[in-house]
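Beneath this line is the structure, given in structure tokens, with notes to follow.
Any read-out appearing in this document is the output of simple, stated calculations on the displayed coordinates, not a laboratory observation. Note that the coordinates shown come from a computational prediction; the quantities given were computed from them, not determined experimentally. Heads up, the Cβs are rebuilt from the backbone with ideal geometry, glycines too, and the neighbour counts pull from every protein chain shown.
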Amino acid sequence: MASSRWLVAIGTAVLSAVGPALTFAAPPPPPPPPPLTNGTFPDSAGLWSNMVRSNTQTNTPFFQSLGSNGRTCATCHAPADAWTVTPLHAQQRFTATNGTDPLFASLDGTNCPGLKTTTVADRQVASSLLLKKGLIRVALTPPTQSQFSVTSVANPYGCTSTSSVSVYRRILPSANLPFLTTVMWDGRESVTTTSVSTALLQQAKNAILGHAAATATPTAATLQSIVAQELGIFSAQSSDNRAGSLSAGGAKSGVTALSQQSFTPGGNDPLGPSAPTPGVTPNPVFSLFGAWASLAGTSPAAQAQASIARGEKIFNARPMALRGIAGLNDQKDRRGLPLTTVTGTCGACHNAPNVGGNTLGRMFDTGVSRPESQTGDLPVITLRNKTTGAQVQTTDPGLALTTGLWSDVNKFKTPGLRNLAARGPYFHNGSAGSLEAVVNFYNNRFGLNLSTQERADLIAFLASL
Ligand code: HEC
Ligand code: HEC
């Protein structure tokens, strides 16, 4: 450090002594950034692939620092990290930079603003949720006209404000976006619009002003460039360690098929008028591995393929008792009768063909933010209904923080299910550390009664998406 300062001092002295006649050769221009390639990357189950359909440049606004803290969209939506950041990669970035990578900016890359970040050890403690679970702090202010008040926030890291409420969320991938109906875990960017591209433009603006701490509103051209580029990005699992290529032998997984998948907003809705049985989608949600269902081979690869095909069937058809779910059991069926108990499938909520999001943007409380299912590292937020006085405790109130409606407490969007193996931990708060934990969660919560083999099949299927 000292010696480079000396060099600068000497250079300046020489320059002023000799005068303007001396000119230095201009430094060579930096090499152009490498294009985004249709790369293939390892993950816990095998390999996953990217498909960039429109703009393959990396000198675009998505990859540029547009604010004041050095962050780009790709700081958190990293192309080689399934367009999110996994805890393992956050740890690697922490180690490589002693915790100074812009990812860890104290604004929202630490558990609370204002935590001590002087030493490497301080920074490690301050960003513990990001390093352990890949969580980013999101501060949201419920509308003043809310049907509830936030009576207390018990936050283990200190940010206990009841007006700007801190919640902690996984970075959603900025890929496979043409299949979205709701933007953000709590759908807050799509609450006021049914147009996903309008929601994405608004989302990009808020990300630049928020995560990147920009002081000026980005131009319309910048926002349009970001949205056009991100809408052309697809990612999916491409091969499985045991089953091999996921698009071989008649199987139709993999990113090429996904990039050509059609999507109809409102299609295949299991609660709408065209659904024969409420909770059961008119068409199978996933039809990728049917060709593997009749395989009778005994090789390890053939057995792994058959397991994935069985898992797909479980997802599509296994009935379970769905009760006590806000967003489902408080609705009415096509005859106007209440849906107090629904015998439905995974597709009761995840109904988008070969993608798994919800085509109507329905949001549900599946119980993920109940304090009792947590390990004590998330805040406990107490809400009080202003009319009835009822109280509820939650680690994240979800949609209600945006709408102010009591009936929206703990509602989250139904996320798409592609490329899962590359981007755990799962759920908005990263509370499921593996796909096995996800399957166990559903098995317990909805009494699925899966055998050990059926669990393994469902996990193998989810890991092949
Ligand atoms: C500090 C990390 C960070 C940065 C930087 C960041 N994001 Fe995000 N992004 C997140 C998190 C966390 C979420 C989920 C937040 C939530 O749901 O409340 C998210 C959600 C999204 C989503 C929603 C996807 C979906 O399925 O609903 C999109 C799209 C997105 N980001 C695009 C961008 C763009 C474009 C930029 C750059 C302008 C950007 N992000 C910068 C962390 C980041
Ligand atoms: C009642 C609606 C509903 C049903 C039924 C349902 N899900 Fe979900 N699923 C959701 C919602 C909502 C989330 C997001 C929850 C959260 O993070 O708070 C989710 C999240 C997930 C995730 C995590 C995705 C991620 O990116 O973290 C997986 C995997 C998943 N579900 C698989 C399944 C499987 C398998 C079944 C059937 C056994 C199933 N779901 C049944 C609504 C449902």
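A few notes on this one:
- Evaluating 6.51 cos²θ - 1.76 cosθ + 1.60 at θ = phi - 60° for every residue in the stretch 53-67, the Karplus couplings come out as 8, 10, 9, 9, 6, 10, 9, 8, x, 4, 9, 9, 6, 10, x Hz, glycine and proline recorded as x.
- Sorting Leu288, Leu458, Leu172 from the fewest to the most surrounding beta carbons within 10 angstrom yields Leu172, Leu288, Leu458.
- In this label model, Ala291 and Asn98 are separated by 5.4 nm, measuring between points 7 Å along each Cα→Cβ vector.
- Paramagnetic label reach from Ala456 (point 7 Å along Cα→Cβ; backbone nitrogen cut-off under 14 Å): within the stretch 303-338, residues 303-311.
- Cα-based shape type of the stretch 32-151, given that a ≥ b ≥ c are square roots of the gyration tensor eigenvalues and the cut on a/c is 1.5: prolate
- Candidates per trypsin sites (Lys or Arg not before Pro) in the stretch 384-465, loop by DSSP, up to 16 other Cβ within 10 Å: Lys386
- For the stretch 86-159, averaging the sequence separation of C-alpha pairs within contact (under 8 Å, six or more residues apart) and dividing by the residue count gives a relative contact order of 31 percent.
- Multiplying the residue separation of Asn444 and Thr340 by 0.36 nm and removing their Cα-Cα distance gives an extension gain of 35.5 nm.
- Modelled this way, with points 7 Å down the Cα-to-C-beta line, the labels at Ser197 and Arg370 are 4.2 nm from one another.
- Per-peptide average of other Cβ atoms within 10 Å, ordering 76-82, 151-157 highest first: 76-82, 151-157
- In a fully extended conformation the segment linking Thr119 and Ser68 would gain 16.1 nm over its present Cα-Cα distance, using 0.36 nm per residue.
- Distant-in-sequence amide H partners of Gly398 (H built 1.01 Å from N, under 5 Å): Asn410
- Distance between the stretch 210-233 and the stretch 246-277 - C-alpha centres, whole angstrom: 30 Å
- Between Phe286 and Asn354, the built amide H atoms are under 5 Å apart, and every one of these is 5 or more places off in sequence or on another chain.
- Per residue, the average separation of C-alpha pairs within less than 8 Å and at least 6 apart gives the chain a relative contact order of 18 percent.
- The spacing between the stretch 79-108 and the stretch 439-465, judged by their C-alpha centroids, is 31 Å.
- Checking Cβ-Cβ separations below 4.7 Å across the chain identifies Cys73, Cys76, Cys346, Cys349 as cysteines lacking any candidate disulfide partner.
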